[in-house]
1. Between residues in the stretch 1-28 that are at pLDDT below 75 and residues that are open to solvent by 80 Å² or more (accessible area, probe 1.4 Å), which pairs lie under 6 Å by C-beta distance while being six or more apart or on different chains?
2. Between residues in the stretch 47-74 that are hydroxyl-bearing (Ser, Thr, Tyr) and residues that are in a strand (DSSP E or B), which pairs lie under 6 Å by C-beta distance while being six or more apart or on different chains?
3. Go through (1) touching a helix residue (DSSP H, G or I) at 6+ places or on another chain (Cβ under 9 Å); (2) open to solvent by 90 Å² or more (accessible area, probe 1.4 Å); (3) over 23 Å from GLU10 (Cα atoms) for GLN40 and report which single condition fails.
4. Pick out the one residue from TYR34, TYR63, TYR15 that is open to solvent by 80 Å² or more (accessible area, probe 1.4 Å) and closer than 24 Å to ILE120 by Cα.
5. Taking the stretch 68-92 as the region of interest, how many residues are surrounded by 11 or more Cβ atoms within 10 Å (Cβ to Cβ) and not aliphatic (A, V, I, L, M)?
6. What pairs come out if I take residues in the stretch 103-121 that are small (Gly, Ala, Ser) and pair them with residues that are part of a loop (DSSP other than H, G, I, E, B) whose C-beta lies under 7 Å away, six or more apart or interchain?
7. Any idea how many residues of the stretch 22-31 are surrounded by 16 or more Cβ atoms within 10 Å (Cβ to Cβ) and either part of a loop (DSSP other than H, G, I, E, B) or at positive phi (or both)?
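The values are calculated or read from the model by the stated rules, or taken from the named source; none is laboratory data. Since we're looking at a predicted model, the values are computed, not measured. Note that each Cβ is placed from the backbone with ideal geometry, even for glycine, and that neighbours are counted across all protein chains shown. The area values use the complete protein model at the heavy-atom level, side chains included, leaving out ligands, DNA and RNA. Shrake-Rupley method; radii C 1.70, N 1.55, O 1.52, S 1.80 Å.
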Amino acid sequence: MLAENYPKCEEKETYSCFVIDSAGFLVMHEGFLYPSATRQVIERVHIAEKERHIADDMIIKGYLVKKECRNLEDIEQQAFYEVNLPESGKVDAADNAGSCSKYQIGKIAGTNVYLGKYVIA
C-alpha cells in the first residue's frame, strides 16, 4: 500500500516517510526501524520530537491544532494536538519555495492515521 500511494517513499536517498495518528503521534518513522530502537524510543513520540520543522509548519498553517483540557484526577490543565487537514484530507507543502518544510500528508481512508513524506534536505 505504501508504494502504491507514495512511490517516492522507496526513494530513500531523496524522501523519508512517516505515519502519524490524529493527535500527531508517530505510528511509524524511519528511526523506529533501527535495531537499537528501544520501547522508550518508539512509544508516544510526537511528530514535533522527530520532525520539528514539519510540526512547526503544520501548526503555523492550522493543520496541527493545540487544544487544552483539564485532567480531573489531578485537576491540572493538559495540552494535546489534533490533526486538522483540509476537507480533501491532503496537504501538499512540497513546493514551499525557500522553506525547509517540503512535505505532503494525506489521510489513509477508513483510519485515524495519516501518511506523510518529506524531502530530505
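1. Partner pairs satisfying both residue conditions: ALA3/GLU10.
2. TYR63/VAL91
3. Unmet condition: (1).
4. Among TYR34, TYR63, TYR15, only TYR34 is open to solvent by 80 Å² or more (accessible area, probe 1.4 Å) and closer than 24 Å to ILE120 by Cα.
5. 7
6. Short answer, once both residue conditions are applied: GLY106/GLY89; ALA121/CYS100.
7. Count: 1.
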